[in-house]
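Worksheet: the structure to be examined is printed underneath.
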Amino acid sequence: MKSFCLIIFLSILIQQSCLKLGVDASSRDGFVRTKGVQFTLNGYPYYANGFNAYWLMYVASDPLQRPKISAAFEEASRHGLTVARTWAFSDGGYRPLQYSPGSYNEDMFQGLDFAIAEARKQGIKIILSFANNYVSFGGKKQYVDWARSQGRPVSSEDDFFTDSLVKDFYKNHIKAVLNRFNTFTKVHYRDDPTIMAWELMNEPRCPSDPSGRTIQAWITEMAAHVKSLDRNHLLEAGLEGFYGQSSPLSKTLNPPGQFGTDFIANNRIPGIDFVTAHSYPDEWFVDASEQSQMEFLNRWVDAHIQDAQNVLHKPIIIAEFGKSMKKAGYSPAQRDLVFNTVYTKIYESAKRGGAAAGGLFWQLLGNGMDNFQDGYGIILSQSSSTVNVIAQQSRKLTLIRKIFARMINVEKWKRARGYGPIRKGGHNIPN
């Protein structure tokens, strides 16, 4: 009875928004697209309930370790997860993807090939990030070092965003990734619907220019570059969600620090198809009480969903969130509360056809991967209360998607037979 009542309730809420979606026959190609504030897949609403797994390429580059990749995707699929976010970068250093500008490690690229192929088998979409803000896996510092070695007068990591040679290195890497021919699927990345979206950079920051103008110009240029090479895939910037000068009142929500980004202005840029926010109260407010951290989480997620809906008019993914087991006083109940808080806000928006389109927890791990455990890792095969929370969210979003699909199909049937729009309570629901 409870499930039946929920279905009726959701049907009433969803009817009006699902009629706005319609079904575009030309979009039945397996690529995730946007329509208004929602994602669509083959003409029907799509939700990104998933995970981060930055290590996929690195682990899969060793053929002996590839069963871990397969097992991770199988477990993710069994728990209803639909999207994985991972790195398409590893610049310089130990076992890199890119030894030097334009020189690639084929073993590492084949590792990424394999990860994409395994995701495809399980019906999971992939978000690929092109570069890192931080020194891990090279980051913008490595690009600047490469330019300096070729005589460029660069001194700061933030020169990544302005130096012409550095930008050329980065653009060439984008081109190399998009043009990669997958050795397992036999499909170029740019043509592969398994890839949901590209990400310009993991958590771009430019603290040397708190005005945000530097990042704004860089995103504008790079978004146009990606779209000139690939019109099939979605694109997002990789932002954490820090507010800037375009919304001075919202800046009070930011954690302490200078970030050089502007959530509103950066995401208004043409070519940025959807928006992201990250949330780590336990990292950003280390000395704050658990209650204060949760109050921040509530305000942060609410504000970004509302701005995506009412200001930016684009879908939003909470692309990183979690709770570290390594923090003092940690308990599983605290982590469950973080996950439930984020998931509930996504669900409440999604069931009304709103902008919240999913969440990606940080991070998924597999068995035998203790060396990747940063405190946030979750192993789905090890039953825990948090795993149950994750699976419940998958079921709830799947239910919404099914109801949307049914309502759209009924509308198609009625229109095909000349009945006009669906009626509710004797009154036509406006399209």
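The values are calculated or read from the model by the stated rules, or taken from the named source; none is laboratory data. Keep in mind that what you see is a predicted model, and the values were worked out from it rather than measured. Note that each Cβ is placed from the backbone with ideal geometry, even for glycine, and that neighbours are counted across all protein chains shown. Side chains included, ligands, DNA and RNA excluded: accessible areas come from the protein's heavy atoms. Shrake-Rupley method; radii C 1.70, N 1.55, O 1.52, S 1.80 Å.
Before moving on, here are some points about what is shown:
- Share of carbon and sulfur in the accessible heavy-atom surface of the chain [1.4 Å probe, %]: 52
- With a cut-off of 13 Å between beta carbons, the residues surrounding Ser289 carry a summed charge of -3, where Lys and Arg count +1 and Asp and Glu -1.
- Cα centroids of the stretch 70-105 and the stretch 141-164: 25 Å apart.
- Taking a ≥ b ≥ c as the square roots of the eigenvalues of the Cα gyration tensor, the stretch 146-258 is classed as oblate, since a/c reaches at least 1.5 and a/b does not exceed b/c.
- Estimated FRET transfer efficiency (Ala328, Tyr94; beta-carbon r; R0 25 Å; 0.05): 0.20
- Dipole of the stretch 35-416 [Lys/Arg +1, Asp/Glu -1 at C-beta], most positive-end residue of Tyr134, Gly102, Ser247: Ser247
- C-alpha long axis of helix 66-78 to longest principal axis of the chain, angle in °: 20
- Thr214 accessible area, assembled protein chains, probe 1.4 Å, Å²: 30
- Ranking by accessible area, most exposed first, for Glu240, Glu75 with a 1.4 Å probe: Glu75, Glu240
- Where Met407, Met222 fall by accessible area, highest first, once all protein chains stay in place (1.4 Å): Met407, Met222
- Prolate is the label for the stretch 212-340. Its Cα gyration tensor axes, ordered a ≥ b ≥ c, give a/c of at least 1.5 and a/b above b/c.
- 1.4 Å probe accessible area per residue over the stretch 35-416, in Å²: 37
- Scaling the Cα radius of gyration of the stretch 35-416 by the globular reference 2.2 N^0.38 Å produces a ratio of 0.95.
- Each label was represented as a point 7 Å from its Cα along the Cα-to-Cβ direction; for Lys175 and Gln306 these points are 4.5 nm apart.
- Helix axis angle, 164-178 relative to the chain longest principal axis, alpha carbon, degrees: 50
- If the chain linking Glu283 and Ser384 were pulled fully straight, counting 0.36 nm for each residue of separation and taking away their Cα-Cα distance, it would gain 34.0 nm.
- Relative contact order of the chain, taken over Cα pairs closer than 8 Å and 6 or more residues apart, is 19 percent.
- For the set Val286, Val226, the ranking by accessible area, highest first and with no ligand, DNA or RNA atoms included, is Val286, Val226 under a 1.4 Å probe.
- Degrees separating the helix 385-416 axis from the principal Cα axis of the chain, which is the longest one: 60
- Nitroxide proxy distance, nm - points 7 Å out along Cα→Cβ at Asn105 and His188: 2.6
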